[in-house]
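S.K.: Got a structure here, written out as C-alpha cells. Questions coming.
The values are calculated or read from the model by the stated rules, or taken from the named source; none is laboratory data. Because the structure is a prediction, the values reported are computed rather than measured. Note that we place each Cβ from the backbone using ideal geometry, even for glycine, and neighbour counts take in every protein chain shown. What goes into the accessible areas is simple: the full protein's heavy atoms, side chains included, and nothing from ligands, DNA or RNA. Shrake-Rupley method; radii C 1.70, N 1.55, O 1.52, S 1.80 Å.
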Amino acid sequence: MSLLKVTNLTKKFGKFTALNGVNLELNAGEVLGFIGPNGAGKSTTIRVLLGILKATGGEVKLFNKDAWQDAVDIHKRVAYVPGDVNLWPNLTGGEVIDLFIKLNGTANKAKREELIEKFDLDPSKKCRTYSKGNRQKVALVAAFSSDADLFILDEPTSGLDPLMEKVFQECVMEVKRQGKSVLLSSHILSEVEKLCDRVSIIRQGKIIESGTLNELRHLTRTQMLVGTSMPITGLLDMQGIHEVQESEHGMSFQVDTMQIDAVIRHISQFGIIRLESAPPTLEDLFMRHYEGAKDTGGVR
Amino acid sequence: MAGNHLAKTAFLSKFIFRLDRLRIPIWVLALTFFTIIVPTAFKGLYNSQQERDAMAQTMANPAMTAMTGPADLSNYTIGVMTAHQMLLMTAAVTGLMSILLVTRHTRADEEDGRLELLRSLPVGRLSYLNASLLVVSAACIVLALINGFGLYALGIESMDLEGSLLYGAALGATGLFFAGVTAVFAQASDSSRGTIGYSIAILLISYLFRAITDISNESLSWLSPLAWVTKAEVYDSNNWWPIVLMIAAAMVLFAVANYLNAIRDLDRGFLPSRPGKKYASRFLQSPTGLALRLQRTGIISWAIGMFVLGASYGSVLGDLESFFSDNEAMKQLLKPTEGVTLVEQFIPMLMIVISLMATIPPVMAMNKLRGEEKKERIVHLLSRAVSRTKLLGSYYVISVINGFVMISLAALGLWSAGTAVVEGGLSFGMIFGAALSYYPAMLVMISLAVFLIGFLPKLSGFIWLYVLYSFIVLYLGGLFQFSDWIGSISPFGHVPQAPIEEFSIIPLLLLCLIAGGLALAGFIGFNKRDIEQ
C-alpha cells in the first residue's frame, strides 16, 4: 500500500518552473532516499507534500488524502524535520520540543528523555545559543518522540557530527523496524545507501531515476585493479571499459557493471596474480548523472 | 606591563569608529536636532512671559514633576523651560545611545567570537574594551560641545553661553556614565542581551527612583544619577558640581570595568547565567500560547506605556482653562462649542492620539505572524496538526484583545490622573465611552493588517503608512485646516467625537462590518496562498 503518491507534480513560482512533472511513491514500511543537487527541487517537493506550498498541477496524496485540502489531518500522522531549523531565540530547546510534540498530538515522554540523552542535547539552553547542529537535534528529538507513521526528513544531518549521524541512523532503523515509512532527502550519499530501500533522484525539477539500489546498479561502474603474470592485451577494445591506467601493481580500470562477466573471462586468460575491486557507490551514480547532464548540455 | 595590556588601543579605536562611522554621527545629529528644535519651537509658541507662566502653571503638579523633574517655575524663561521639559528626556536617550554602542563593541563582539580573533593578534588584553570606551567617550564629548554651542548659537536671550555649555555637558556626562555602567555589565553578564537588559534596568530604575523621590523627598533623589542632571539647574543657577560628580562616577566605573575585564576569562561573566526551563509549561503548548509568550515582554511594556500616556494627558486636564486662554496656537486646534466644558472639548482630541497610539501594539501583534513567516518559523506549526485558520485566528484574537486592553488602560490612566486634578472629578463612563468609540476604527486597522497578510503579504508593512496618515490628518488636521474628505479616508475620521458631537451608533456598526469583511477576506487569502521562505 502506498502511503505517499505524487503524480505529475508541477510547481511554478511566477514564470519559474521549480518542479516539472515529479513522480514519487513511498510504500508502508519503506525508506525512500530522495537525492539531488542543491536547487534541484527537493525542498520544494517536500513543502508541497506538507501543504505549505500549493501545487500548480498534478496530484499529491498522503494516506490517500490530498496534501493541500487535508493538510491538518495528514499532519497528525507526519513528523517533519527541515534542513534549516529556525527556532525562537528566547525559548529553550526543551520548551520547543514539548511544544512540537504537543502540536503533533501524540506524546511519548520517556522517548523524549531517551532521545535528549542519546543526542547529547542540553534542553535548558535558549535556542539563541544553539549551533546549527543543536537546532537540528531539537527538531530530530521532537520528530522521533512523536508517534508518526511517516517521517519526512529534509537533509536532517547537514549540521551533525559523525557520532550524531550514527545516532540519527539508529533512529531511522528503529522506526523502520516498527513498520513506519521514511522519506529522507539528502546529498550525503553514504547515508542514503545505508538506510534506504529505494532511491529517487531529482534534477532540475524532474525525477531522472527511481528504483531499488539493485535496479540502479546498471548505471554504475566497478573500479578494478588487476595484476597478471602476462601483459593483458585487447582490453581497450572491449565494451564498457573506462579510464584505463597502468601502474607497477597492475592495470586499473572501471568497468560497467553489466559487462563485468565478459571482462573477467577475458583477463583470466593472462594469469591473475591479484584482483581488487571496489563496489559501486551512489557517489558514482550521482557523478554519472552530472556527467550525463553536462554531455547533453542540460535536462535529460 | 600596563603598556602591553593596552597595545594597539589607538588603532582599534580608529577601527571601531570606522565600523560605526554612520551609526555614531546619526545618534549625535539626531540628539542635537531635538535639542535645537525645541527652544526654537517654544520661542514661537510661548512668546510672552505671560504665556510661559501659564505653561509653568500646568507644569506645577506632581505628575509633571515626576515626568520631567523639578524646576524653578517662578522664573520660567525659554531657557529654564527647555532645560525643564527636554534635558532629562534627552539625557536618558543619550544614556541609551551609550548602552547600545558600548554593548555592540564589548559583549556582543565577544559573544560572536570576533573578540577572540582580535585577541589572537598582538593586541593588549584590555585594548578592545578601552578602545570602545574611547570611541563612545569621544562621541559624548562631541555631543556635549555641539549641543552646547548649538544652543548658544540660537541667540535666545535666556540661553547664555555658560548655561548652554552646561546643558551640553549634562548630556555628555550622562552618556559617559551609562557607558561606564554598560562596560561593567559587559564584564558581569555573559550575553549581549543580558548586558543591554541590566544597563537599561539601571537607566529605568534611576529614572523611576528620581520620579518618586522628586515628589516625595528631594534630597533622597541625589541617589539617582539621572537626578543629577536636573540638579544642575541649567539656565537657572548653573550648578556644575553634579556634572563633575557624574564624570567622576563614570571614571570609577571605567576603572571597575577594566579591573573586572583583567581578572576574567574570555566568554565568561561574573553573574551566573540562569539555566532555562527544561520543559514547556502547559500554557506554552498551543499556537495561541506560543504567540502570547513570544510577545509577552512587548505587550507588558506597551500596556504600562499606554497607562502612563493616559495618565500624563490626564494630569494636565486640571490646568486647561488657564493654559488655553493664553495660547493662540492651541486655540486654533480647538474650535469652541457652546454648552461643553473645555475639558470635555479637549477629550476627543486626546482620544484620537491615544487611540492611534493604542493601535500600534495590536497591529504589531498581527504583523508578528508575518515576521514569523519570514523567519521560516511558522513552518514548524503548519507542518504539524495546526490549520492555517487556527494559526491566523490565534494571532487575530490576540490582536483584537490586545487593542481593547491598550485603549482601556489608556482611558483608565487618563481618568485616574484627570479625576484627581479636575475640580469636581471626571465621569469614568464619559472617558471610557469616548475611548471605546474608537475601538471599531482600531478593529478596521487590525483587520486591514490581516487582509494584507492574507492577500498581499509582501505589502504587510504598508499598514504603518496608513496609521501614520491617520495620525497626521486627524491630529494636525485642525491646525492645517484640511478639508473633510482627507480625514474620511481614515477609519478614525468616522468616529463621532463624543462628548461634543451627538453620539451615533451607525458609523461604528459600519466600521465593525468593514473590519469583519476585511478579516474574512484575509483568512480566505491566507488559506489559499503559498507560505513563503
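S.K.: Using a 10 Å cut-off on Cβ to Cβ distances, tally the other chain neighbours for every residue of A:43-55 and report the average as a whole number.
M.R.: 3
S.K.: Still on this structure: If I ignore ligands, DNA and RNA and count only protein heavy atoms, how much of B:Arg104 is accessible to a 1.4 Å probe, in Å² to the nearest 10?
M.R.: Approximately 80 Å² for this residue.
S.K.: Oh, and also: Keeping the other protein chains in place, figure out the carbon and sulfur percent of the accessible area of the stretch B:224-278, with a 1.4 Å probe.
M.R.: Carbon with sulfur: 63 percent of the solvent-accessible area.
S.K.: Just to confirm, what accessible area per residue do you get for the protein assembly as shown at 1.4 Å probe, in whole Å²?
M.R.: Per residue, the protein assembly as shown has 45 Å² of solvent-accessible surface.
S.K.: Sticking with this one: Could you give the distance between the Cα centres of the stretch B:399-473 and the stretch A:168-186, to the whole Å?
M.R.: 53
S.K.: A further question on this structure: As a test, work out the antiparallel percent of DSSP beta bridges whose residues both lie in chain A, rounded to the nearest 5.
M.R.: 70
S.K.: Excluding ligands, DNA and RNA, what is the accessible area buried between chains A and B, summed over both sides, using a 1.4 Å probe, to the nearest 100 Å²?
M.R.: Counting both chains, the buried surface is close to 3300 Å².
S.K.: In whole Å, what are the Cα extents of the stretch A:38-140 along the three principal axes, biggest one first?
M.R.: 44, 31, 23
S.K.: Oh, and also: Would you calculate a helix-derived [θ] at 222 nm for chain B, using -39,500 (n - 2.57) for each DSSP H run of n ≥ 4 and dividing by the full residue count, to the nearest 500?
M.R.: Theoretical 222 nm ellipticity from helices: -23500 deg cm²/dmol.
S.K.: Sum up the charges of everything whose Cβ sits under 9 Å from the Cβ of A:Ser181, counting Lys and Arg as +1 and Asp and Glu as -1, but leave A:Ser181 out.
M.R.: In short, 0.
S.K.: Please list B:Cys140, B:Cys512 from largest to smallest accessible area, probe radius 1.4 Å, with all protein chains kept in place.
M.R.: These residues rank, largest area first, as B:Cys512, B:Cys140.
S.K.: Here's a follow-up. Quick check on packing: order B:113-120, B:251-258, B:126-133 by the mean number of other C-beta atoms within 10 Å, highest mean leading.
M.R.: Most protected by this proxy first, the peptides run B:126-133, B:251-258, B:113-120.
S.K.: To continue, here is another question. With every protein chain left in place, what is the accessible area of B:His105 in Å² (1.4 Å probe, nearest 10)?
M.R.: Number for this one is 10 Å².
S.K.: Follow-up. Using a simple charge model, +1 on the beta-carbon of Lys and Arg, -1 on the beta-carbon of Asp and Glu, nothing else, what dipole does the stretch A:141-275 show about its Cα centre, in debye to the nearest 20?
M.R.: 280
S.K.: Under 18 Å from a point 7 Å along the Cα-to-Cβ line of A:Asn108: which residues of the stretch A:43-84 have their amide N that close?
M.R.: The answer is A:75-81.
S.K.: Could you give the Stokes-Einstein D for the stretch B:9-270 in µm² per second, using the C-alpha Kirkwood radius, 10 °C, 1.306 mPa s?
M.R.: Calculated translational D: 84 µm²/s.
S.K.: Convex hull over the alpha-carbon atoms of the protein assembly as shown: what's its volume per residue in Å³?
M.R.: 220
S.K.: Leaving ligands, DNA and RNA out of it, work out the accessible area of B:Thr195 with a 1.4 Å probe and give it in Å² to the nearest 10.
M.R.: Only protein atoms counted, so the area is about 0 Å².
S.K.: Quick check for me: using +1 on Lys/Arg Cβ and -1 on Asp/Glu Cβ, what's the dipole size of the stretch B:286-533 about its Cα centre, in debye to the nearest 20?
M.R.: The calculation lands at about 1620 debye.
S.K.: Please report the projected area of the stretch B:286-533's Cα convex hull averaged over all directions, in nm².
M.R.: Mean projected area of the Cα convex hull: 13.7 nm².
S.K.: Output the Kirkwood hydrodynamic radius of the stretch B:149-281, Cα pairs only, in Å rounded to one decimal.
M.R.: 16.9
S.K.: Roughly how many whole Å is it from the C-alpha centroid of the stretch A:1-48 to that of the stretch B:194-268?
M.R.: Here the two parts' Cα centres lie 62 Å apart.
S.K.: If you don't mind, there's one more thing I want to ask. How big is the Kirkwood radius of the stretch A:2-216, worked out from every pair of different alpha carbons and given in Å to one decimal?
M.R.: That comes to 17.4 Å for the stretch A:2-216.
S.K.: For chain B, what is the largest minus smallest coordinate of the Cα atoms on each principal axis, given in angstrom and ordered from greatest to least?
M.R.: 80, 68, 38
S.K.: Further, regarding this structure: Suppose we look only past 20 Å in the calculated P(r) of the stretch A:1-98. What percent of the Cα-Cα pairs does that tail hold?
M.R.: Distances greater than 20 Å cover 44 percent of the Cα pairs.
S.K.: In addition: Select from A:Leu32, B:Ala280, B:Tyr46 the residue farthest towards the positive end of the dipole of the protein assembly as shown; place +1 on Cβ of Lys and Arg, -1 on Cβ of Asp and Glu, and compute about the Cα centre.
M.R.: Value: A:Leu32.
S.K.: Under 14 Å from the Cβ of B:Ala227, count the other residues' Cβ atoms, weight Lys and Arg +1, Asp and Glu -1, and hand me the total.
M.R.: Residues near B:Ala227 contribute -1 overall.
S.K.: Considering only DSSP beta bridges with both partners in the protein assembly as shown, what is the antiparallel share in %, to the nearest 5?
M.R.: 70
S.K.: While we're on this one: Rounded to the nearest 500, what is the 222 nm mean residue ellipticity of chain A from helices alone, with -39500 (n - 2.57) per DSSP H run of 4+ residues and division by all residues?
M.R.: Mean residue ellipticity, 222 nm, calculated: -9500 deg cm²/dmol.
S.K.: Can you give the charge dipole size of the protein assembly as shown about its Cα centre, rounded to the nearest 20 debye, using +1 on the beta carbon of Lys and Arg and -1 on the beta carbon of Asp and Glu?
M.R.: I would put it at about 1680 debye.
S.K.: What is the percent carbon and sulfur in the accessible area of the stretch B:286-533, measuring with a 1.4 Å probe over the protein chains and ignoring ligands?
M.R.: 70
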